[in-house]
Amino acid sequence: MKPNKIKIHKIKSNPDNPRLIKDIKFKKLVKSIKEFPEMLKLRPIVVDEKNIILGGNMRYKACIEAGLKEIYVIQADDLTEKQKKEFIIKDNVGFGEWDWDILANGWDTKELKDWGIDVWQPEDAIDYSVLDEIDLEDEIETMYDQTKKSIILEYPAKDFEPIKKLYDDLKNQGVNLSDLFYKAMKKYES
């Protein structure tokens, strides 16, 4: 299939598209399209026979934002409804991951960031001064005190159903099970 250039107003956004790009990432996409519109011919928007977008909804919205009047599309007019839904998801799934060593050694960090990749920061670029005013030991102790703890009760498998029912009944009645358990254990304290 060869991409065709058509008027942008002839394309319809897909209301069932589950993929979003928000805020700063959307702005980066718009900037990317403005700076390198030729990319759209290499990676055109995929539409169905009614010109409803199957792949490239966010690029389409970014093209509108960038002020483009025409864009490249590939029309997939022979897909079933099930195949269309499958395409929408599979087109947006990121199966791979970045090889950070190759990126760090062969690419310019600023360009990668401009192109939309969330890149690492060199150690010396991170501002740790905000930690100077924090008593870390006190913070850890506070977090420990606020963290819920648990005790695991072991019992024979045959008793699971009646114990689970009792547990659910008491919980639904608003009984504080922690207090109940604590008080029962205190009775047997030596």
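Counting helices only, and only those DSSP H runs with n ≥ 4, report the 222 nm mean residue ellipticity of the chain as the sum of -39,500 (n - 2.57) divided by its residues, in deg cm²/dmol to the nearest 500. Kindly include the intermediate steps, with their values, before the conclusion.
Details: 9 runs with 87 residues, N = 190.
The per-residue figure over the chain is -13500 deg cm²/dmol.
Take the chain, mark every one of the trypsin sites (Lys or Arg not before Pro) that falls in a DSSP loop and has at most 11 other Cβ within 10 Å, then report the longest stretch left between them, sites excluded.
70-147
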Using alpha-carbon positions, the gyration tensor of the stretch 4-96 gives root eigenvalues a ≥ b ≥ c; with a/c under 1.5 called rounded, otherwise prolate if a/b exceeds b/c, else oblate, the class is oblate
Just grab the label-to-label distance for residue 1 and residue 89, each label 7 Å out from Cα along the Cβ direction, in nm (one decimal).
2.0
Rounded to one decimal in nm, the spacing of the 7 Å Cα→Cβ label points at residue 110 and residue 183 is 6.8
Relative contact order of the chain, please, whole-number percent, based on alpha carbon pairs below 8 angstrom and at least 6 residues apart.
20
Counting other Cβ atoms within 10 Å, keep those with at most 14, restrict to DSSP loop, and tell me which GluC sites (Glu not before Pro) in the stretch 6-57 are left.
38, 49
Interchain or long-range residues, amide H under 5 Å from residue 12's placed H
52, 53
Sites residue 74 and residue 16 - FRET efficiency at Förster radius 22 Å, r taken between beta-carbons, to 0.05
0.70
Along the charge dipole of the chain, Cβ charges K/R +1 and D/E -1, which of 36, 72, 178 sits furthest on the positive end?
72
Under a plain spin-label model, where a point goes 7 Å from the Cα along Cα-to-Cβ, how far apart in nm are residue 82 and residue 137?
6.5
In degrees, nearest 10, range 0 to 90: what is the angle between the Cα axis of helix 57-66 and the longest Cα principal axis of the chain?
60
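Bear in mind that the values in this text are calculations on the coordinates, not laboratory data. Quick caveat: nothing in here was measured; it's all calculated off a predicted structure. All Cβ positions, even for glycine, are placed from backbone atoms using ideal geometry, and neighbour counts span all protein chains on display.
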